[in-house]
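S.K.: Here you go, one structure.
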Amino acid sequence: MTAAPGSVQKSEEEWRAVLSPEQFRILRQKGTEYPGTGEYDKFYGEGVYNCAGCGTPLYRSTTKFNSGCGWPAFYEGIPGAINRTPDPDGRRIEITCAACGGHLGHVFKGEGFPTPTDERHCVNSISLKFTPANSDAKI
Ligand SMILES: [Zn+2]
């Protein structure tokens, strides 16, 4: 499933109905999960990470790397799937799902990781839902 940018619109009540309280706190209220606790922090299965809110594919497992920061790290999102918005303090860049606006985490650049982009998408596990490559789901 691929959703066009901004195509998933729900009210706060509708989101509360489909998300767990913790998913709601992070995806819709821009919360952050405690480092080192996320389901995908040290997970390296082959497949695709979809938005936990709307199911849009966001990251491929081939772009995931071990940053040691305590959250899943990716050096590149699926083209067009991720929006970037500077935080009000101007220090960090927030990343959100382009389709539903769900909060994913932040992106950092120029940290010197040996990746093709030298970017680190620092993403909350709870914002993601992994689909293994060998499943029947169409990607
Ligand atoms: Zn989404």
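The values are calculated or read from the model by the stated rules, or taken from the named source; none is laboratory data. In this text, all values refer to a predicted model and were calculated from it rather than measured experimentally. Every residue, glycine as well, gets a Cβ built from its backbone with ideal geometry; the counts of neighbours run over all protein chains shown. With ligands, DNA and RNA removed, areas are computed over all heavy atoms of the protein, side chains included. Shrake-Rupley method; radii C 1.70, N 1.55, O 1.52, S 1.80 Å.
S.K.: Look at segment 61-98 and say how many of its residues are more than 16 Å from the ligand (Cβ to nearest atom), not in a loop (DSSP other than H, G, I, E, B) and not polar (S, T, N, Q).
M.R.: 5
S.K.: Could we say that LYS10 is assigned to a loop (DSSP other than H, G, I, E, B), among the basic types (Lys, Arg) and under 19 Å from GLY105 (Cα atoms) here?
M.R.: no
S.K.: Is it true that some residue in segment 76-91 is surrounded by 15 or more Cβ atoms within 10 Å (Cβ to Cβ), farther than 13 Å from LEU128 by Cβ and under 15 Å from the mean Cα position of the chain (by Cα)?
M.R.: The first filter runs over segment 76-91 and keeps only residues surrounded by 15 or more Cβ atoms within 10 Å (Cβ to Cβ), leaving 76-78, 81-83.
When the remaining residues are screened for being farther than 13 Å from LEU128 by Cβ, the result is 76, 83.
Narrowing further to those that are under 15 Å from the mean Cα position of the chain (by Cα): 76, 83.
Yes - at least one qualifying residue is present in segment 76-91.
S.K.: Across segment 33-58, what is the number of residues that are on the phi > 0 side of the Ramachandran plot and outside any strand (DSSP E or B)?
M.R.: Taking segment 33-58 and keeping what is on the phi > 0 side of the Ramachandran plot, we get 36, 47, 55.
Next, from what is left, pick out any that are outside any strand (DSSP E or B): 36, 55.
The qualifying residues number 2.
S.K.: (1) touching a strand residue (DSSP E or B) at 6+ places or on another chain (Cβ under 8 Å); (2) part of a loop (DSSP other than H, G, I, E, B): which one isn't true of HIS121, the others all being true?
M.R.: (2)
S.K.: Follow-up. Just the residues that are surrounded by fewer than 20 Cβ atoms within 10 Å (Cβ to Cβ) and polar (S, T, N, Q), please, taken from segment 107-129.
M.R.: THR115, THR117
S.K.: Okay, next question. Just one of (1) of a type in the set (Phe, Trp, Tyr); (2) without any contact (Cβ under 8 Å) to a residue 40 or more places away in the chain; (3) in contact with a His (Cβ under 7 Å, 6 or more places away or on another chain) trips up PHE108, so point out which.
M.R.: PHE108 satisfies every listed condition except (3).
S.K.: A further question follows. From (1) surrounded by 13 or more Cβ atoms within 10 Å (Cβ to Cβ); (2) more than 11 Å from the ligand (Cβ to nearest atom), pick out the condition that doesn't hold for PRO132.
M.R.: All conditions pass for PRO132, except number (1).
S.K.: How do the pairs read when you match residues in segment 59-79 that are at negative phi with residues anywhere that are in a strand (DSSP E or B) and open to solvent by 40 Å² or more (accessible area, probe 1.4 Å), using Cβ under 8 Å and keeping only pairs 6 or more apart or on different chains?
M.R.: Listed pairs, sorted by first residue: ILE78/ARG60.
S.K.: If I filter segment 34-52 for residues that are within 21 Å of VAL18 (Cα to Cα), touching an Asp or Glu at 6+ places or on another chain (Cβ under 7 Å) and aliphatic (A, V, I, L, M), do I get at least one hit?
M.R.: No: zero hits.
S.K.: While we're here: For segment 41-60, give me each residue that is within 15 Å of the ligand (Cβ to nearest atom) and of a type outside the set (S, T, N, Q). Steps first, answer last, please.
M.R.: Start the filter on segment 41-60 by keeping residues that are within 15 Å of the ligand (Cβ to nearest atom), which leaves 48-59.
Passing the criteria: VAL48, TYR49, CYS51, ALA52, GLY53, CYS54, GLY55, PRO57, LEU58, TYR59.
S.K.: Quick one: in segment 14-53, which of the residues that are touching a residue at least 40 places away in the same chain (Cβ under 8 Å) and out of contact with any helix residue (DSSP H, G or I) (no Cβ under 9 Å at 6 or more places or on another chain) is least open to solvent (accessible area, probe 1.4 Å)?
M.R.: For segment 14-53, the residue satisfying everything is ASN50.
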